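Contents: one structure, followed by commentary.
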Amino acid sequence: MKVTLKLYATLSDHLPTQARKTNAVELDLPAGTSPAQVIETWSLPIKLCHLVLVDGVFVPPAERATRALAEGEVLAIWPPIAGG
Amino acid sequence: MGWTKKVLRVDLSKGTCKSEPLNMKWAQEYLGQRGLATKYFVEEVDPKVDPLSPANKMIMATGPLTGTMASTGGRYSVITKGALTGAIACSNSGGYFGAEMKFAGWDMVIFEGKSPKPVYLAIEDDKAELRDAAHLWGKTVWQTEEIIKKTHQDPQTRVCSIGRAGENGVMYACIVNDLHRAAGRSGVGTVMGSKNLKAVAIRGTKGAGGIKDGKAFMKATVAAKKVLAENAVTSQGLPTYGTQVLMNVINEMGALPTRNHRDVQFEDARKISGEAMHEKRPTDGKAQLVTNAACFGCTIACGRISKMDEGHFSVVNKPEYWGASGGLEYEAAWALGAANGVGDLEALQYANLICNEDGYDPITFGATVGAAMELYDLGILTKEQIGMDAPFGSAEALVKLSEMTAKGEGFGKELGLGSARLCAKYGKPELSMGVKKQEFPAYDSRGIQGMGLAYATSNRGACHLRGYTVASEVLGIPVKTDPLVTEGKADLVKAFQDATSVFDSAGVCVFTTFAWTLADLQPQLDAACEGGWSMEKLALVGERIWNMERVFNNAAGFTAKDDDLPPRLKTEAAKTGPAKGKVNGIDVMRPEYYKARGWDEKGVPSKDTLKRLGL
Ligand code: SF4
């Protein structure tokens, strides 16, 4: 299945160089892959995976290993950030 | 230095400056800055006063922690009846000006009356006098600061001033200090301009002093700084990406108001984000962002300092805009960008520089341009009326309109009215996206429900900084709540509003609350100020301040009808994103909120509530 992974702020360093311009990369994943599995495969520091959204909806830490991603969804991740 | 216990009263009509003792009974009840200055204001000013008449007053006030070694302790606020809103106004600014006021030995300066001719106030420690400002009238903020520093032959003089926007009656003029820090919202600069007061220049050499318990204060501030240093948001997130890191977050969440709130996601959000500011431009190989910056005493340093692309159409042959200067912050980038569909980062920074240089609020300005673009799109405003094509997304129109507004040139004069007056003038009042005539900031309340209630009930008109439930609904600070539901938001908004009232009255920056709670602020205040500042006392002070502001607004003529959102947010559902199909549930939340506040169904605080709060 096709899923878009978006990494922002300091996490964008983990993206391939050409993907940093858009902060996004298309992934082809086995059905049922969870956000936690993507985080592990990409060796993203867990502590920096603070805000995890799937299609804009927050996935709480406890659900990150069980929430199955679906075809066409967007997984977006930020380190601890704030603004105002 | 706790309180200096001195107030400077400036009668602009008579040209006098007098010192008086701070009312210490009120200081115990209202702390300082926002709370204490508002107490003075509501005691002295008729709520029905015309904001632009000499009978309106304007107070610049510090908090007890301003100028101390508390982190972010450099804040001051301007309290008046807002020109834009007709409601109580309280605009808070960082930089270095507030601390300098404290170093000169003043807790606050109260301006009353109206000078017969342009003047500026010069303060050097105890000495204060009004000086002729004929040579400064017509000058920009940047020119004014430079001229005053030269005249005083002291580069350490701190200056706040109005630009041409404040002189020319732009309804949302700011007071800008330290070149790019502003008491930005509600038209406090318009009030200053109406008084013929161009600037305030301060030099203070008294330093810190008057802390109740020096040792305990040192211990408390060091502990609180450690909390900021150990928190990932305040030690890394804010300094690295600034507030602008929110652009992509809020867009992904489907809460980025776009094209005058027609949409909730902006296709060019990434192009105008914090990430884009870090990227090298293809044109000159340089990133817009040069460095971060801090206000006085701040250990967070969220400020952005940027340099424009010298080849960008807005600044070609204008070297005065090529140097490093403030911006872009999230609110300005959103208002100048997504709100009117402009995805040209350089154009946004240019308009932002003009806002700083000429002293007007980029949030209200950007949102008003968005409203004008919608009127143009509907055929209500024509190319001839505006003086140019102004479709959504036009960077050229944004740039030109920013140049025309402060000077009151052509259609710029109408943009200077703000969106509420502009849309009413053209028969479409419902297209103004704001509350109490003040425009929304950068969060669409269809996607972040609590913010709808925070906007509707904000005492100074739509504002994110009176109760920033985004912290909870989006960022999970202090706990994560669901942004798409109305349940629990009444209590959440009240809690944020009351706590923020305390932070705004203490002299510290509200951004500390991404790491601090009241429990981190309390030991600092208790060590600095006499009177025993417990958590219970602070909680009561926060609620008292909120209700005092409310009572003033009610007496000024505001009613429950004014605690509402424009019809678009209540009837036109979000088209995309997680909030797709949703409107804001303000009508559900409002009665719950009134109840939580101890107000009747008309939004009037009950006798019991007033009594409990000592009002
Ligand atoms: S956090 Fe940012 S706005 Fe607040 S005092 Fe520090 S630099 Fe200024």
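Here is how the numbers come out for the structure above:
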read-out	value
Elements of type helices (runs of 4 or more DSSP H) in segment B:1-119, at least 1 residues being surrounded by fewer than 18 Cβ atoms within 10 Å (Cβ to Cβ)	B:24-30, B:33-44
Residues satisfying the stated conditions in segment B:309-341, i.e. assigned to a helix (DSSP H, G or I) and under 26 Å from B:Asn248 (Cα atoms)	B:Tyr330, B:Glu331, B:Ala332, B:Ala333, B:Trp334, B:Ala335, B:Leu336, B:Ala338, B:Ala339, B:Asn340
Residues located in segment B:509-525, provided they are more than 14 Å from every other protein chain (Cβ to nearest Cβ) and in contact (Cβ under 8 Å) with a residue 40 or more places away in the chain	B:Asp520, B:Leu521, B:Pro523, B:Gln524, B:Leu525
Options A:Ala82, A:Ala65, A:Ala76, A:Ala70; residue that is in a loop (DSSP other than H, G, I, E, B), of a type in the set (Gly, Ala, Ser) and touching a residue at least 60 places away in the same chain (Cβ under 8 Å)	A:Ala70
Qualifying residue in segment A:50-73 (condition: under 11 Å from the mean Cα position of the chain (by Cα), modelled with pLDDT of 95 or more, within 14 Å of chain B (Cβ to nearest Cβ) and farther than 25 Å from B:Lys580 by Cα)	no
Contacts under 9 angstrom Cβ, first residue in segment B:155-171 being on the phi > 0 side of the Ramachandran plot, partner among the β-branched types (Val, Ile, Thr), 6 or more apart	B:Gly169/B:Thr190
Subset tally (residues that are under 25 Å from the mean Cα position of the chain (by Cα), farther than 18 Å from B:Lys436 by Cα and of a type in the set (D, E, K, R)) for segment B:361-389	0
Single residue of segment B:283-296 satisfying the filter (within 8 Å of the ligand (Cβ to nearest atom) and assigned to a loop (DSSP other than H, G, I, E, B)) that is surrounded by the fewest Cβ atoms within 10 Å (Cβ to Cβ)	B:Ala294
Residue count for segment B:360-409, restricted to those that are among the small types (Gly, Ala, Ser) and free of Cβ contacts under 8 Å to residues at least 24 places away in the same chain	2
Segment B:474-508: number of residues that are within 16 Å of the ligand (Cβ to nearest atom), more than 12 Å from every other protein chain (Cβ to nearest Cβ) and in a loop (DSSP other than H, G, I, E, B)	2
Filtered residue count, segment B:226-257, keeping only those that are buried (at least 22 other Cβ atoms within 10 Å of the Cβ) and over 23 Å from the mean Cα position of the chain (by Cα)	3
Flag for B:Ala208 being assigned to a loop (DSSP other than H, G, I, E, B), of a type in the set (A, V, I, L, M), more than 14 Å from chain A (Cβ to nearest Cβ) and farther than 22 Å from B:Glu331 by Cβ	yes
Boolean, B:Ala269 is under 24 Å from B:Glu374 (Cα atoms), away from the ligand (no atom under 16 Å from the Cβ) and among the aliphatic types (A, V, I, L, M)	yes
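The values are calculated or read from the model by the stated rules, or taken from the named source; none is laboratory data. Not measured: the values here are computed from a predicted model. Ideal geometry is used to build each Cβ from the backbone, glycine not excepted, and the neighbour counts take in all protein chains shown.
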